Amino acid sequence: MHIFIATVEALIQPRIEKHLAHITDLIDRLKQHVQLQLAGEINVSDPAVIAKIVDDIGEKDVTLAGIAERMESLRGSQPIDQEWLKRMTGLVAKLENLKWKYTDGTTGRGRTSMGMINSTGCTSVWGSTYPFNPYPFPWANHLFQDSPSMAMGIFEGHMAKMAEGFKAIRLAELELDGKYRPGEHDDFFTYFNWQGFSDEEWELCPPVVAVGGDGAMYDIGFQNLSRLMASGKPIKVLVVDTQVYSNTGGQACTSGFIGQISDMAQYGKAIQGKEEPRKEIGLIGMAHRTSYVMQSTIAHPSHMIEGFIQGLKARRPALFNIYSTCQPEHGIGDDMSTAQSKLAVESRAYPLFRYDPDAGKTPQECFDLEGNPEMDQDWPSYTIKYQDDGVEKEMELPLTFADFAMTETRFRKHFRVAPPDTWNENMVPLAELLAMEEDEREGSVPYVWMVDKENQLTRLLVSEPIVESCEDRRDFWTMLRSLAGEDQPSADSIAEQARQDVVGKIVSSLMQMAGDSGEGLAAIVGVDLAPAASTPSSAEGDYLAPWIDTPNCTACDECTQLNSKIFEYNADKKAIIKNPEGGPYKDLVKAAERCTARVIHPGLPRNRSEKGIEKWIKRAEKYN
């Protein structure tokens with residue numbers, strides 16, 4: 001909640017500062033414009049007339065009103081356009097009132113940066129009530145299911161107020177430019193609303209935000225949320241997704257995982273926790289085809305903040321679905337929110353994704369899985385360290401949903417420790433069992449590895465509901481990869497890979513024939529045979545290998561978390577490039593942008609068939 005509010009403030013405050021300066025300038029210019037129009041009746045081009053007027057005034061004070069009065073009696077004048085004068089003075093008053101709203105307003109704090117409608121639940125209990133409410137902007141708490149509907153009504157009123165301000169500014173600009181035409185502009189401004197705002201005007205509008213938990217948005221209030229998204233109104237919705245009704249005692253929610261144990265989904269002989277698969281509100285949001293959708297976690301702040309910014313700027317509804325730990329209901333420590341959120345993503349329990357309808361027409365153009373680890377695999381891998389007869393050893397294992405579930409109390413009844421003396425050939429690592437066909441699994445007992453208090457390897461037997469949940473998470477991940485087009489290489493990349501393979505075979509044959517070390521031949525045919533180093537290489541045609549100023553690395557973890565196949569740490573905990581082809585070129589550019597030490601240089605891509613590659617090359621320029 002704090003990060004979301006801070007993002008809104010960071011976006012809107014510089015815009016308001018610039019806008020306020022523009023309003024002040026318009027007021028000054030408009031006043032001067034009126035004064036010049038009024039003073040235009042006084043013709044000072046005849047010195048004889050001016051001299052006579054001054055003589056008539058004599059010893060009295062010379063005022064503009066006195067000069068105008070005598071000038072009119074001597075020469076006559078045209079009457080002032082009263083409608084014009086009334087319109088201009090009214091316009092000045094509106095602009096001065098608008099400026100007051102931004103600088104002071106009724107609260108003395110100026111115009112607010114946002115407004116929030118909060119569904120009753122943990123978020124509203126945390127927010128409490130006046131004067132203890134932590135939000136420095138208008139906030140209202142409403143019925144469990146109604147915040148999206150309330151937000152729709154408030155949005156319309158809010159936009160009408162914003163339209164009045166922008167209307168005054170536009171009229172002042174037209175008047176000063178001499179372009180105001182009543183017959184042309186009066187009808188336009190009669191029906192002027194938020195849909196006619198320019199991009200600059202829209203980004204000055206404080207967002208209206210609906211906040212609620214998964215119960216409020218996934219279940220009882222889902223129809224309200226669906227109506228909001230279908231409406232196309234650019235209201236922003238923040239869902240705190242805990243997979244359980246936390247505020248009312250921890251009942252099961254449709255956002256929960258298969259096997260999750262809670263009230264209304266207890267563990268027993270007949271039923272072992274929640275039986276139905278998780279409802280994916282991200283996919284439902286995408287199905288409306290009107291809304292920006294992001295699914296993220298606090299453990300991935302760059303992904304989350306980028307999504308907030310994109311969704312806030314979009315002139316359409318935005319649904320921000322954020323994984324949120326509930327310590328008592330999940331059964332984790334108070335300090336484990338970030339760690340569990342990270343594990344949820346790595347285990348495919350809660351994949352990161354963004355969907356932007358403005359990015360194109362196809363799912364591949366609109367849907368983005370950036371930020372997930374090892375996207376080409378069903379499961380990422382991790383290293384487990386343990387002691388064996390006093391010797392420290394390590395083992396690389398796939399990180400499945402079960403490896404995440406075993407760390408939380410809500411799944412604990414699905415796991416049972418198998419002492420070493422019970423180990424037998426029927427026990428099969430869970431990842432291997434998941435790869436088997438159904439008929440091959442008969443008689444197999446799945447398990448995952450864990451390390452006990454003595455740092456010894458232990459097998460943890462896994463129940464059938466957890467196996468089913470693993471299959472559900474894997475299949476959902478497969479679906480997401482297909483939507484993003486990550487499961488099929490492009491025709492260009494296939495052709496490029498084929499070309500590289502053919503050229504590589506030719507070079508290898510020539511090397512054997514000529515006894516060459518390969519460097520000269522590689523240069524002739526344009527193939528990079530040397531492993532990637534952490535220092536710059538010369539450009540190979542349009543290709544420039546990426547490099548890192550490794551000694552200056554501050555070990556901020558941004559690059560390694562972004563893509564561990566491209567980046568890794570050396571023995572000195574300094575970042576190096578492990579494999580420049582370990583992911584898309586955009587990951588290199590993103591890493592350079594996020595690097596706090598500014599030591600990553602993306603180079604130029606070998607494969608130019610990536611989506612939006614020219615954009616990424618442009619963004620990389622400042623880092624090369």
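Computed from the coordinates by the stated procedures, all read-outs in this text should not be read as laboratory data. Keep in mind that this is a model prediction, so the values were computed, not measured. Reconstructed Cβ throughout: ideal geometry from the backbone, glycine too, with neighbour counts over all protein chains shown.
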> For the charge dipole of the chain, defined by +1 on Lys and Arg C-beta atoms and -1 on Asp and Glu C-beta atoms about the Cα centroid, which residue among Cys253, Pro373, Leu176 has the Cα displaced farthest towards the positive pole?
Replying inline: Leu176
> Non-local amide H neighbours of Phe353 (under 5 Å, H modeled in plane, Pro and chain starts lacking H): which ones?
Replying inline: Gln295
> Under 17 Å Cα-Cα from Lys161, which lysines qualify once same-chain neighbours fewer than 8 residues away are excluded?
Replying inline: Lys94, Lys99, Lys101, Lys233
> To the nearest 500 deg cm²/dmol, what mean residue ellipticity at 222 nm is calculated for the chain from DSSP H runs of n ≥ 4 alone, each contributing -39,500 (n - 2.57), summed and divided by the residues?
Replying inline: -13000 deg cm²/dmol
> Under the Karplus relation 6.51 cos²θ - 1.76 cosθ + 1.60, θ = phi - 60°, what is the ordered set of whole-Hz ³J(HN,Hα) values for region 152-163, x standing for Gly and Pro?
Replying inline: 5, x, 5, 4, 4, x, 4, 5, 4, 5, 5, 4
> Given Cα pairs under 8 Å that are at least 6 residues apart, what percent is the relative contact order of region 159-249?
Replying inline: 29
>> Along the charge dipole of region 553-613, pointing to its positive end and built from +1/-1 on Cβ of Lys, Arg, Asp and Glu, which listed residue (Cys556, Ile566, Pro584) has its Cα farthest out?
In response: Pro584
>> Could you work out the relative contact order of region 295-396? I mean the mean sequence separation of Cα pairs under 8 Å and 6+ apart, divided by the number of residues, in percent.
In response: 22
>> I need the GluC sites (Glu not before Pro) found in region 372-461, filtered to DSSP loop residues with at most 11 other beta carbons within 10 Å of theirs.
In response: Glu425, Glu437, Glu442, Glu454
> Treating the beta-carbon of each Lys and Arg as +1 and of each Asp and Glu as -1, no other charges, what is the dipole magnitude of region 242-488 about its Cα centre, to the nearest 20 debye?
Replying inline: 1260
> About the Cα centre of the chain, what is the dipole size in debye to 20, counting +1 per Lys and Arg Cβ and -1 per Asp and Glu Cβ, all else neutral?
Replying inline: 1700
>> So for the chain, averaging the separation of alpha carbon pairs under 8 Å that are six or more residues apart and normalising by length, what relative contact order in percent results?
In response: 8
>> Counting only other residues whose beta carbon sits under 14 Å from that of Phe320, what net charge do I get with K and R as +1, D and E as -1?
In response: 0
> For the chain, which longest stretch is free of loop sites, where a loop site is one of the trypsin sites (Lys or Arg not before Pro) that DSSP puts outside H, G, I, E and B and that has at most 10 other Cβ atoms within 10 Å?
Replying inline: 454-572
>> Counting only other residues whose beta carbon sits under 11 Å from that of Pro277, what net charge do I get with K and R as +1, D and E as -1?
In response: -3
> Nearest-5 percent of antiparallel DSSP beta bridges in the chain?
Replying inline: 55
>> Just to confirm my numbers, what's the Cα centroid distance between region 324-383 and region 456-471 in Å?
In response: 21
> For region 170-181, in order, what is each residue's ³J(HN,Hα) by Karplus, 6.51 cos²θ - 1.76 cosθ + 1.60 with θ = phi - 60°, in whole Hz (x at glycine and Pro)?
Replying inline: 5, 5, 5, 5, 4, 5, 5, 8, x, 10, 6, 10
> Where Lys and Arg each count +1 and Asp and Glu each count -1, what net charge lies around Phe192 among other residues with Cβ under 15 Å from its Cβ?
Replying inline: -3
> Mind checking the dipole of region 531-623: about its Cα centre, +1 per Lys or Arg Cβ, -1 per Asp or Glu Cβ, Debye to the nearest 20?
Replying inline: 240
> Projected onto the charge dipole of region 133-211 (+1 at Lys/Arg Cβ, -1 at Asp/Glu Cβ, origin at the Cα centre), which of Met159, Leu143, Ser198 gives the Cα projection farthest towards the positive end?
Replying inline: Leu143
> Mind listing the phi-derived Karplus ³J(HN,Hα) values for region 97-103, rounded to whole Hz, using 6.51, -1.76 and 1.60 with θ = phi - 60°, and x for any glycine or proline?
Replying inline: 5, 5, 5, 4, 4, 6, 8
